Structure formats: C-alpha cells, structure tokens
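Novice: There's a structure below that I have some questions on.
The values are calculated or read from the model by the stated rules, or taken from the named source; none is laboratory data. Since we're looking at a predicted model, the values are computed, not measured. Reconstructed Cβ throughout: ideal geometry from the backbone, glycine too, with neighbour counts over all protein chains shown. Calculation scope for accessible area: heavy atoms of the full protein, side chains included, ligands and nucleic acids excluded. Shrake-Rupley method; radii C 1.70, N 1.55, O 1.52, S 1.80 Å.
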Amino acid sequence: MREEINNGAAIAKAAPNPSFVKLASVWKKLRRSYSAMIGGGLVLIFILIAYVGPYFTPYGPREQNVINKLALPSSEHLLGTDHLGRDIFSRIIHGMSITLEVGFVSVVIGLIIGVFLGIIAGYYGGRIDTIIMRFMDILLAFPGILLAMAIVSVLGPAIVNVIIAVGIFSVPVFARIVRGSTLAVRKLEYIDAIRSLGASDARIIFKHILPNVTSPLIVQATLSVATSILTASGLSFLGLGAQPPTPEWGAMLSDGRAYMYDSAHVATIPGVAIVIVVLAFNLFGDGLRDALDPKMKN
Amino acid sequence: MFTFIIRRLVQTIPVLIGVTILTFSMIHLVPGDPAQIMAGESASPQQVELMRERLGLNDPIPVQYFDYVSGVLQGDLGNSVRSGRAVSDEIAIRIRPTVELATMSTALSVFIGLIAGVLAAVRRNTFGDTFIMLVALFGLSMPNFWLGIMLIQYLAIGVDIFGFNTGIFAASGWGTWQQQVLPVITLGVAGAAIIARMTRSSMLEVIDQDYIRTARAKGVKERVVVYRHALKNAMIPVVTVVGLQFGSLLGGAVLTESVFAINGLGRFMIDAIRARDFPIMQGGVLVLAFMFVSVNIVVDILYRFLNKRIDLN
C-alpha cells in the first residue's frame, strides 16, 4: 500500500507540470494571433520606454524655454514645444509611466476587491450574495466617469485619487465574473468530494475555484487597463486628476486646448499618444480573449 | 409580461435607495468639515455655523438621511451653495441639452454600429471585415475629448483645401444643427464601435444556425435572410449593450459638453465639483443615475419582448 502511494508520487513527478503544459498551449495559440502579438509587443515596448526612456530624453519634462514657445516640430524639438516652451516629446516620454501606472494600479485595486467580493458572494451565496451583488448593481448604476468624479470630488483632485476612483468603478465587472464562475464550480461534485475529505474553504477557493477564473480575469483586466487609462485621462483633462506641471497626457491635452487655433500640435500629440497606448491594450486583450477564452464576448 | 414589468420596477427600489445613500454620503465622506468647505476658507465661525445649520448637519445622521430622501421624493434636492437657487431648478434648465445630446448620439451609434457590424459579419474574414473591425477598435481606443478637439480643429476652425475652407460647423454651443453635428459625432463614435463589435459577433453566432440554412434553402433572397431572419435574433444581445452603453454615454457627455462649451448638466457638475458645491453634485449624480436606471428598465423590457424564449416570470 505504502509503495503504491510512492509509485503514484513518482509517476506524478515524471509527468510534465500541468500548469506548464497549459502555459505552453496558451503561448502556442497566442503566437498565432496577430492582435495578441502586436498588442502585447507594443505594451512591452511602452513599459520599456516608460522606465528607461526618461533617462534619454533630450530635455527635462519641466524645462521651460519661453522664447521658443509653441514651436512646431523640428529637428531640435521632435514634437514641438508647448505654451511654456517645454519639449513635448520629452514630456510624452516622461508621462508614459504615469499613464501605465494609472492603468495598472487602478485595475489591480479593482481586481483585488472584485475577486474578493465575487468569491464571497458566489461561494457563500444566500443573503451575503444578495447584499454584495445589489451593492455592485448600485455601483454599476453610476456611469463610470461620474462615479469617479464623485469620488474625486470627495477626496480632492489628485492623480492618486483618480487611481482609487477608477479602481473602484472597475470592481463590479470583476466581481460579476468571479461570482458567476464560483457559482458554477461550487456545484460540481468534485468540490463536494474534496470538502468531505476535509479541505478547508480557503483551500477550495484558492486551489480549485480561483484557477478556473484566471483566464476571463486576465482578459478582462487587460481590457480594463485600456478603459481605465481613458477614464483617468478624461478626469485629468477636466482638471480633476494630475495637476500641472505633471506631464500627464490628459492634462497636457487640456493645456493645449487654449492654443488650438494657432498651434494645433500641442493638443493633438498627447491625444495620439493616448490612442496608441489604449489601442495596444485593446489589441492585446482581444488577442488574449481569442486564445484563452473563446466563449467570452464583449 | 405585466408581472415582469412590475417585478422589474420593484427590483429597482433597493438600487435607487442605494443610490440615494451614496449621494447622501458624499457630503459626509469629505475629509474635513463640509460646512467649512462649503462656506469657504475665509468664512468666519459664525458663517460656518450658519452653513451647518442650513445643511442640517447638526442632526443625527439617520435623521439627515430621512430628511434628504423625503426631500428628494418631493423633488427638493436642496439649494446651490453658490447661487442659493434650488438645485432642481438649476438642473431643469440644463438637462435638455444633455438629454438631447445623449439621445442623438445613441441613435447615431446604433445606426452606424448596426450597419458596420452586419457588413463585417457578412464579409467574415475578408479585407472588408478586418478593415471595419480595425476602425471599430480605433474608435474604441480614442478619448472622446480628444476626438472632439480634433473635429473642432478640422471641421469648425477648418483648413483650406483647394480654396475651400472645411470649417463648416460651429465649435461651441448647442441649438442649431451646425452646433449639434460635432458633439453628437464625438459622443457617438465609441458607442458605434462597441455596437459594431457586438453586432458582428452576435450575427456570426446566428448565421450558422439551422433556421438560416433553411431560409436559404427555401430560396429566400440573401438580403432578406440577413436583415429579416438573422439580424432580428442577432439584435437581442445588442439591445443590452445599448442600455449599458447609455451609462458611459452620460459620463462621456460630461467631457463632450466641456469640450464644446455646451451649457448642459455635465459641465454644470464639473463647475460644481471645482467650487465644492455639494448639493449640485449630489443632485446631478442622482438625476443621471436615475436616468441610467430608467433607460435600463426600458431596455430590459424590450429585451424580454424581443427574446421570447426567456421565461417571463
């Protein structure tokens, strides 16, 4: 008997790690998807630019040269200068990390709270479920940016508060995904079986339920980064987020608005930067969805 | 059907109560003394005390909430701190442009989104399909305030091409059609993109089903198959998206109104946030959330109506 168990363990060891096999097959599918490859590649490049780029910019992000203000793009200033003579190219590069961090951190906040609430609602069901999901409905009843505006108006305008606000409004999406999957898995017979073997709730949740929701969560998180960046830049555009002279793209766009008539490039360029980054995340998310989770739709 | 409508209405009651709790708590979650903030930093202690009294902040919280809700139920949303006028009156003046903007943009996005989605679906995996979907992805990735500024740049201020100036639309305001075209496009593009993507995937799901093959086998014209048989069922999930989309549309309206200097509810609320005029913010959020909830009730009813397979009870 004892030997048999040992044998079993040996066989299990010899077989390739199942999570590795899964990862390999996901990679195989991802490689065939143009959108995942292009989007993912761009995201990697952007991360590199965000953290390495600032060391190589020709000017500082706050370096003013009022004599040369509102200059058109030239060899001296690749993307021209703004109303204070600051080099727009350098500011865009320095702003990249703000954009990415706003996207990532707010989604991580939403993800953690959402997963926690979703699991509790789905796993314990009953009244707890009703209360949590009703609360999610209420959050969903607030148009996203308005909810964020309300939160920022309470906490005061600052980029940190924008991150919190945008994070909170992405909670319901994650909670719904996790709750649905938890409900589906919880009713399976094998969960009953391991529970009767003495597995704790925590073990069931972490070992058996969470792995089942990782795919839809990764897909949703990637797409949420895109919307979070859009919302956050909108809040900064309204003056509720990053404050000048921070080189945040939404705030830069807002600055450029005043010079729209004569110097179109000041407002155009930060917008183009936002479009490219958001597009990359959307492409990547679409590709991930096709590879990881073909059943999931918009 | 009737019981379903009643049930759906009853279900919204807890949501609406939750919404009022949230808007009510906004004022209490502010770090610091709300009375001091609203009276202004230079206000004397007497003025702050007066403000506190005016806002009823000396009462216990449950009493304050009860007063707030009974006020809301009677259409009393309090008074603006800045102008002193009733919030409900202030909102009533400004709500029309916002509602018109949101409605027109929804119509535009449904129209463009459906056509683009169907075109992409019938040309599945061709160049046309890829092109339409790329444009949609682009539309989804654009900040609408930037799109608005670009439209102003090229179609309101305009550039000269062959001695003809492209600035044929107005850059600000709301009223004439020249003023309405650009904001409606600005706000409608993202929705059109989402609806196009949804329509395409939903059409693709429907178009492989047996009843479509049967219709084709019977010799029904392809156009009738696509628009009568397939689209009708493909519309079902699209309807839900339109309802949910209306929420982001209301949010987007805030940005659009700001870009085009439209004197609507959204811009009014941003000004209120800057001035820390809490009653206006509370009222505005409440009204917009109420609009969103109502639209989604209508959408749900429409959804059940379209999708007869769903058990009505």
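Novice: Near the amide H of B:ALA170, under 5 Å away, which other amide H atoms are found, from residues 5 or more places off or on another chain, if H is placed in the peptide plane?
Specialist: Amide H to amide H, under 5 Å and 5 or more residues apart or across chains, B:ALA170 pairs with B:GLN179.
Novice: Which longest run of chain A has no exposed loop site in it, a site being trypsin sites (Lys or Arg not before Pro) in a DSSP loop with at most 13 other beta carbons within 10 Å, and the site itself not part of the run? Could you put the intermediate results ahead of the total?
Specialist: Details: sites that count: A:LYS187, A:LYS295, A:LYS297.
For trypsin sites (Lys or Arg not before Pro) (loop position, at most 13 other Cβ atoms within 10 Å), the longest site-free span of chain A is A:1-186.
Novice: Provide the buried accessible surface between chains B and A in square angstrom, both chains summed, 1.4 Å probe, rounded to the nearest 100. Present the calculation step by step, with values, prior to reporting the outcome.
Specialist: Details: alone 17230 and 16350 Å², together 29660 Å².
What B and A bury together is about 3900 Å².
Novice: Quick one: accessible area per residue over region B:92-306, 1.4 Å probe, rounded to a whole number of Å²? Spell out each step's value before the answer.
Specialist: On the way: 9240 Å² over 215 residues.
Roughly 43 Å² per residue, with all protein chains present.
Novice: Can I ask one more? Provide the per residue accessible area, probe 1.4 Å, for region A:62-136, rounded to a whole number of square angstrom.
Specialist: On the way: 3580 Å² over 75 residues.
Value returned for region A:62-136: 48 Å² of accessible area per residue.
Novice: As an exercise, identify the trypsin sites (Lys or Arg not before Pro) in region B:125-232 lying in DSSP coil whose Cβ has no more than 14 other Cβ atoms within 10 Å.
Specialist: Details: sites: B:ARG197, B:ARG200, B:ARG213, B:ARG216, B:LYS218, B:LYS221, B:ARG223, B:ARG228, B:LYS232; in loops: B:LYS218, B:LYS221.
In loop regions of region B:125-232 (DSSP not H, G, I, E or B), the sparsely surrounded trypsin sites (Lys or Arg not before Pro) are B:LYS218, B:LYS221.
Novice: Measure off 7 Å from each Cα along the Cα-to-Cβ vector at B:THR240 and B:LEU306, then give the distance between these two points in nanometres to one decimal.
Specialist: 1.1
Novice: What average count of beta carbons from other chains do you get within 10 Å of the Cβ of residues in B:246-254?
Specialist: On the way: counts 1, 8, 7, 1, 5, 11, 5, 3, 7.
Averaged over the peptide's residues, the number is 5.
Novice: Starting from the 7 Å offset along Cα-to-Cβ, what nm value, one decimal, do you get for the label separation of B:PHE138 and B:ALA107?
Specialist: 2.7
Novice: Mind running the shape call on region A:79-292? Use the C-alpha gyration tensor, a ≥ b ≥ c as the square roots of the eigenvalues: rounded below 1.5 for a/c, prolate if a/b tops b/c, oblate otherwise. Mind showing how you got there, number by number?
Specialist: On the way: a/c = 3.45, a/b = 2.31, b/c = 1.49.
Prolate.
Novice: Just give the residues from region B:3-46 buried by at least 50 square angstrom of accessible area in the all-chains context relative to the isolated chain, probe 1.4 Å, and say none if nothing qualifies.
Specialist: B:VAL15, B:LEU22
Novice: Using a 1.4 Å probe on the protein heavy atoms, what percent of the accessible area of region A:28-155 belongs to carbon and sulfur?
Specialist: Details: 4350 of 6240 Å².
Within region A:28-155, the accessible surface is 70 percent carbon and sulfur.
Novice: Among A:GLY241, A:ALA184, A:SER153, pick out the residue whose Cα is farthest towards the positive end of the charge dipole of region A:105-263, where Lys and Arg carry +1 and Asp and Glu carry -1 on C-beta, about the Cα centre.
Specialist: A:ALA184
Novice: Of B:PRO62, A:VAL166, A:GLY287, which is farthest along the charge dipole of the protein assembly as shown in the positive direction, counting Lys and Arg as +1 and Asp and Glu as -1 at C-beta?
Specialist: Looking along the dipole axis, the top candidate is A:GLY287.
Novice: Within region B:92-306, what whole-number % of the accessible surface is contributed by carbon and sulfur, with the 1.4 Å probe and all protein chains included in the calculation? Numbers along the way, then the final one.
Specialist: Values: 6110 of 9240 Å².
Ligands and nucleic acids excluded, carbon and sulfur give 66 percent.
Novice: Related question: Quick one: grab the alpha carbon gyration tensor of chain B, order the square roots of its eigenvalues as a ≥ b ≥ c, and give me rounded if a/c is under 1.5, else prolate or oblate depending on whether a/b is larger than b/c. Walk me through the numbers before you get to the answer.
Specialist: Values: a/c = 3.24, a/b = 1.55, b/c = 2.09.
The shape class here is oblate.
Novice: Around B:ASN79, which amide H atoms from residues at least 5 apart in sequence, or from another chain, sit under 5 Å from its own amide H, with H modelled in the peptide plane?
Specialist: Result for B:ASN79 returns B:VAL87.
Novice: Considering every residue in A:153-159, what mean count of other chain Cβ atoms within 10 Å of its Cβ is obtained?
Specialist: Numbers: counts 13, 11, 3, 4, 2, 0, 0.
Averaged over the peptide's residues, the number is 5.
Novice: What dipole magnitude, in Debye to the nearest 20, does chain A give about its Cα centre under +1 on Lys/Arg Cβ and -1 on Asp/Glu Cβ? Provide the component values of the computation, followed by the final result.
Specialist: Numbers: 24 positive and 18 negative charges, 202 e Å.
So the magnitude is around 980 debye.
Novice: Given only helices, namely DSSP H runs of n ≥ 4 each adding -39500 (n - 2.57), what is the per-residue ellipticity at 222 nm of the protein assembly as shown, to the nearest 500 deg cm²/dmol? All intermediate terms of the calculation are to be shown ahead of the outcome.
Specialist: Numbers: 24 runs with 437 residues, N = 611.
-24500 deg cm²/dmol, from helical runs alone.
Novice: Give the separation of the Cα centroids, region B:240-290 to region B:103-178, in Å.
Specialist: For region B:240-290 versus region B:103-178, the Cα centre distance is 22 Å.
Novice: While we're on this one: Tally up the carbon and sulfur contribution to the accessible surface of region B:2-73 as a whole percent, 1.4 Å probe, everything protein left in place. List each step's numbers first, then the result.
Specialist: Values: 2940 of 4320 Å².
The nonpolar share, carbon plus sulfur, comes to 68 percent.
Novice: Quantify how strongly other chains surround peptide B:136-144 by giving the mean number of their Cβ atoms within 10 Å of each of its Cβ atoms.
Specialist: Working: counts 0, 7, 4, 0, 8, 14, 7, 14, 2.
Taking all residues of B:136-144 together, the mean is 6.
Novice: In whole Hz, what ³J(HN,Hα) sequence does region A:268-278 give by Karplus (6.51, -1.76, 1.60; θ = phi - 60°), x for Gly and Pro?
Specialist: With the stated coefficients, region A:268-278 comes to 5, 5, x, x, 4, 4, 4, 4, 4, 5, 5 Hz.
Novice: Which angle from 0 to 90°, rounded to the nearest 10, does the C-alpha axis of helix B:61-73 make with the longest principal axis of chain B?
Specialist: 60
Novice: Same structure, new question: Shape of the protein assembly as shown from its Cα gyration tensor (a ≥ b ≥ c, root eigenvalues): rounded if a/c is under 1.5, otherwise prolate when a/b > b/c, or oblate?
Specialist: Numbers: a/c = 1.34, a/b = 1.19, b/c = 1.13.
Rounded, since a/c falls under 1.5.
Novice: Under a crude label model (7 Å from the Cα following the beta-carbon direction), how far is B:TYR211 from B:VAL69 in nanometres?
Specialist: That separation, rounded to one decimal, is 4.4 nm.
Novice: Right, another one. Between B:THR176 and B:ASP271, what FRET efficiency follows from the Cβ-Cβ distance if R0 is 22 Å, with the result rounded to 0.05? Can you show the working numbers first?
Specialist: Working: r = 24 Å, r/R0 = 1.09.
Result of the calculation: an efficiency of 0.35.
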